[in-house]
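Reading through the structure tokens given below for one structure.
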Amino acid sequence: MSEQDMYFPQPVQQPRRPARPATPAQGTNLAAVVSRIEEAIDLETTSIRTDVNFDIKASNARKSRYLYELNKAVKDVRSETLQANRDGIVRLRQKLVENEAALAAHLAAVTEVAGLLQEAIERSEGDGTYSSTNFRRSHAV
């Protein structure tokens with residue numbers, strides 16, 4: 001080691017990571033993620049309409065995980081790859097619209113049942129003297 005190297009060290013070159021080119025594998029990865037999301041959405045939409053024991057919480061966790069994967073898959077994707085997967089993305093969008101409608105109908109039904117249960121409980125509390133509805137009305141005046 002020379003004296004010059006000792007006092008004026010040369011900066012160490014860090015190895016560069018090669019840039020990730022947009023390869024067909026990225027397009028395949030995007031297609032696979034879109035396909036998995038489609039399957040999950042189809043299952044949820046069908047189950048909401050037919051299975052009273054469907055676990056919406058587990059389905060939401062699955063959709064969140066797939067959304068994370070989708071974000072990773074499209075992060076560095078080139079427009080050509082997106083264009084190549086356009087049909088799948090459009091199909092997924094339509095399935096999401098149908099899923100949203102099924103979820104809205106399910107939520108409306110749950111809200112209606114909850115309202116019916118609340119009314120039944122209030123009616124069964126007796127003659128109505130101590131019902132929460134009457135109590136609110138008398139104090140609102």
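The values are calculated or read from the model by the stated rules, or taken from the named source; none is laboratory data. The structure presented is a predicted model; accordingly, all values stated were derived computationally and were not measured. Neighbour counts are summed over all protein chains in view; Cβ atoms, including those assigned to glycine, are modelled from backbone coordinates with ideal geometry.
Regarding region 12-29, can at least one residue be identified that is closer than 30 Å to Ala105 by Cα, buried (at least 17 other Cβ atoms within 10 Å of the Cβ) and at pLDDT 80 or above? Scanning region 12-29, I find no residue that is closer than 30 Å to Ala105 by Cα, buried (at least 17 other Cβ atoms within 10 Å of the Cβ) and at pLDDT 80 or above, so the answer is no. Kindly provide the set of residues from region 57-66 that are free of Cβ contacts under 8 Å to residues at least 24 places away in the same chain and either among the hydrophobic types (A, V, I, L, M, F, W, C) or surrounded by 12 or more Cβ atoms within 10 Å (Cβ to Cβ) (or both), ordered by number. If the condition is that a residue be free of Cβ contacts under 8 Å to residues at least 24 places away in the same chain and either among the hydrophobic types (A, V, I, L, M, F, W, C) or surrounded by 12 or more Cβ atoms within 10 Å (Cβ to Cβ) (or both), then Ala58, Ser59, Ala61, Arg62, Arg65 are the ones that fit.
How many residues are part of a helix (DSSP H, G or I) and either in contact with a strand residue (DSSP E or B) (Cβ under 7 Å, 6 or more places away or on another chain) or surrounded by 13 or more Cβ atoms within 10 Å (Cβ to Cβ) (or both) if we restrict to region 76-97?
9
Applying a threshold of 7 Å to beta carbon distances and a minimum spacing of six or more residues, or different chains, the list of pairs starting in region 39-54 at a residue that is more than 12 Å from His106 (Cα to Cα) and exposed (fewer than 15 other Cβ atoms within 10 Å of the Cβ) and ending at one that is modelled with pLDDT of 95 or more and not polar (S, T, N, Q) reads Asp42/Lys95.
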